[in-house]
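Every number here is computed from the coordinates shown, using simple stated rules; none is lab data. None of these values were measured; they are calculated from a predicted model.
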Amino acid sequence: MANVNRMRAISVAVFLGGMVSSLVMAAPKEVDKVTRQEIVGRIAPVGEVCIEGQPCATAAPVAQASDGPRSGEKIYNSYCTACHTAGVLGAPKKDDANAWSQKLAAAGSYSTLLSNAVKGIGSMPPKGTCMDCSDEEISIAIEYMSGLKP
Ligand code: HEC
């Protein structure tokens, strides 16, 4: 009787031991899988080139050249208003014809005024912080807020 019990105890121990070791053996595989997914995630390209019309193009495509320049109002409201609405740091205010004609006179020509805005002048940051604006878009925004014509 005692022998039978010992045999049972041993077989239970062997069985449990097998379970434990198979769990231990399985663990590294799980870690491997997670690590591999992490690595794939980390080395994935930050952006993928995707041509409009292709099934991968789920997000709205970045402005295409054919879309033409954004409107002066749009650029002004996104970037220039921060300073040119209230006249922050001495910025000539929107629609303040007097202030703008003084700036134009100081610059000497519209093209110099435009290049000052593109390069930055005094407290005016380059491109008025619209770093993806083309020179044409900066000019359109200047026309919108100043009424000046190129
Ligand atoms: C951080 C504030 C700020 C923002 C944003 C800003 N401006 Fe200005 N801007 C100024 C200041 C200040 C001046 C006056 C600079 C001076 O004369 O010293 C100025 C002057 C100008 C001038 C006159 C340049 C000259 O030759 O005197 C133009 C044109 C101009 N800004 C266009 C823009 C446009 C277009 C935008 C938006 C795309 C813009 N600014 C955004 C602060 C700003």
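Listing for the model above:
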item: The range 60-150: radius of gyration over Cα atoms, expressed as a fraction of 2.2 N^0.38 Å; result: 1.04
item: Members of LYS93/LYS127; LYS94/LYS127; LYS94/LYS119 lying beyond 18 Å, as alpha-carbon distances in this model show; result: LYS94/LYS119
